[in-house]
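Student: One structure, as structure tokens, below. Some questions next.
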């Protein structure tokens, strides 16, 4: 069994997204806009014909994925390895609050995937746990799988699957709420992953 396509779908807008807070692994809820985004995305995502949807165990991803599963009848799993990056002591804070308490660290975090926020984890750490999920699904399934996760995890996992050098990871911007990235296997003996879409989605 070998996957041919992975769709990495970011959850709908959450309460902390709306407030501009560092969310990380805090278990916040979808806003009304977030629920609407999830419902509106279903027809476009269904065209990829995934055989399975796997969601992070955080509520905003579970709820987003459940909208899709309920509308399509496609089976759904939960996997905590798809959680967002843990931002440790930054979680729940505004960017301005982080910059005030830890001067100069936000620019470093933005350009260095190995940087670890105090009490949190790096993007390299996040990619390492997420790529385990893909490897297991790759051995189990063929065709397309839909992963419903988080902005930071999606950029880290995509960078890892594309084998990008660490210095190029920051070039991938986060997908918008309820937008997605599409990776497909390229022809050739190594069957490497390549982008066929990034930050794809509907206007809110």
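The values are calculated or read from the model by the stated rules, or taken from the named source; none is laboratory data. None of the values given here were measured: they were computed from a predicted structure. Virtual Cβ from ideal backbone geometry, glycine too; neighbours counted across all protein chains shown.
Student: Just to be sure I understand, how many residues within the range 25-44 are buried (at least 23 other Cβ atoms within 10 Å of the Cβ) and either assigned to a loop (DSSP other than H, G, I, E, B) or modelled with pLDDT under 95 (or both)?
Tutor: Residues flagged as buried (at least 23 other Cβ atoms within 10 Å of the Cβ) and either assigned to a loop (DSSP other than H, G, I, E, B) or modelled with pLDDT under 95 (or both) within the range 25-44 amount to 0.
Student: Also, quick follow-up: Out of curiosity, is residue 168 under 26 Å from residue 60 (Cα atoms) and either loosely packed, with under 13 Cβ neighbours inside 10 Å or at pLDDT 95 or above (or both)?
Tutor: no
Student: Here are some residues: 47, 5. Which one is over 28 Å from residue 88 (Cα atoms), crowded, with 16+ Cβ neighbours inside 10 Å and modelled with pLDDT of 95 or more?
Tutor: Matching residue, one of 47, 5: 5.
Student: Okay, moving on. Please count how many residues of the range 50-61 are surrounded by 20 or more Cβ atoms within 10 Å (Cβ to Cβ) and either part of a loop (DSSP other than H, G, I, E, B) or at pLDDT below 95 (or both).
Tutor: 3
Student: Ok, one more. Find the residue count for the range 62-100, including only residues that are within 16 Å of residue 22 (Cα to Cα), in contact (Cβ under 8 Å) with a residue 12 or more places away in the chain and part of a helix (DSSP H, G or I).
Tutor: Qualifying residue count, the range 62-100: 5.
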